[in-house]
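This report concerns only the one structure given below.
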Amino acid sequence: MQSLRSLWYYHEDVYTFHTQYLNCSTHPYQSDPRGWLLLNRPVGVHAENDIQPGTRGCDAAPDSSCLRQVLILGTPVLWWSGAVALAFAALMWLGARDWRYGVAVVGALSTWVPWFFNDDRPIFLFYAMAILPFTVIALTLAMGQLIGRSRVPTPRRTVGVVVAGAVVVLVIVNFAWFYPIYTAELLTRGEWLDRIWFDRWI
């Protein structure tokens, strides 16, 4: 009985924290759920700035410096192509009545839309992680549609294979490019800025 009482109090405290204390708070990395699929505002969780040249492995120019950062940011090519694939999945589900696309659309909406009702308190991009499996399903289905069912080589199938393969390769290359800011690797300020594509990512 004591365990159940403790569990009840725990959930009561969590609920109170999220419904009362956070409503008047702000945070520099909070984001609007409308921008999550586009990676509008990532979350910085660690940074070491102004590492001077010649120290701790920093090989920056004398008038610059190095830094380490951990930025919670999805792989842009995966998220952006996934957003396009979700729009395509909605069209295929409603237009072609293909239930497989409905799984992706309903799954993405059910893990995304509830956050719109909690936007009066700080919420963050990492809450969107639950959407990712459904964007990957939508992307996979879209690639399958591009490639087609026939195994007979045709110009359309060839184009589909090339496009789908290019997306996969771009996702891998894009992940490798951003890997240093996912793992706090040492970067010169210039190398870091090459990875911060938008001001809102800082």
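L146 fails exactly one of the following numbered conditions: (1) under 30 Å from F117 (Cα atoms); (2) open to solvent by 60 Å² or more (accessible area, probe 1.4 Å). What is the number of that condition?
Every condition holds for L146 apart from (1).
Restricting the search to the stretch 32-76, which residues are under 23 Å from R189 (Cα atoms) and part of a helix (DSSP H, G or I)?
Result: P76, single match.
Considering each of D13, D98, D59 in turn, give the residue that is acidic (D, E) and open to solvent by less than 50 Å² (accessible area, probe 1.4 Å).
Residue meeting the stated conditions: D98.
As an exercise: evaluate M92 against (1) touching an Asp or Glu at 6+ places or on another chain (Cβ under 6 Å); (2) open to solvent by 80 Å² or more (accessible area, probe 1.4 Å) and give the number of the one condition it does not meet.
Condition not satisfied by M92: (2).
Can you spot a residue in the stretch 65-78 that is open to solvent by 30 Å² or more (accessible area, probe 1.4 Å) and closer than 17 Å to R200 by Cα?
yes
Identify all residues within the stretch 14-43 that are modelled with pLDDT of 75 or more, of a type in the set (A, V, I, L, M) and over 13 Å from the mean Cα position of the chain (by Cα); write none if there are none.
If the condition is that a residue be modelled with pLDDT of 75 or more, of a type in the set (A, V, I, L, M) and over 13 Å from the mean Cα position of the chain (by Cα), then V14 is the only one that fits.
How do the pairs read when you match residues in the stretch 24-51 that are exposed (fewer than 15 other Cβ atoms within 10 Å of the Cβ) with residues anywhere that are outside any helix (DSSP H, G or I) and at pLDDT below 90, using Cβ under 7 Å and keeping only pairs 6 or more apart or on different chains?
Listed by first residue and then by second, the contacts come to S25/R121; S25/P122; T26/P122; H27/P122; D32/D119.
For the structure I just gave you, tell me whether G102 is on the phi < 0 side of the Ramachandran plot and touching a Ser or Thr at 6+ places or on another chain (Cβ under 6 Å).
When the stated conditions are applied, G102 does not pass them.
The values are calculated or read from the model by the stated rules, or taken from the named source; none is laboratory data. Keep in mind the model is a prediction, meaning the values are calculated, not measured. Counting neighbours? That spans all protein chains shown, and the Cβs are built from the backbone with ideal geometry, glycine included. Each accessible area value is taken on the protein alone, full model and side chains, heavy atoms only, with ligands, DNA and RNA left out. Shrake-Rupley method; radii C 1.70, N 1.55, O 1.52, S 1.80 Å.
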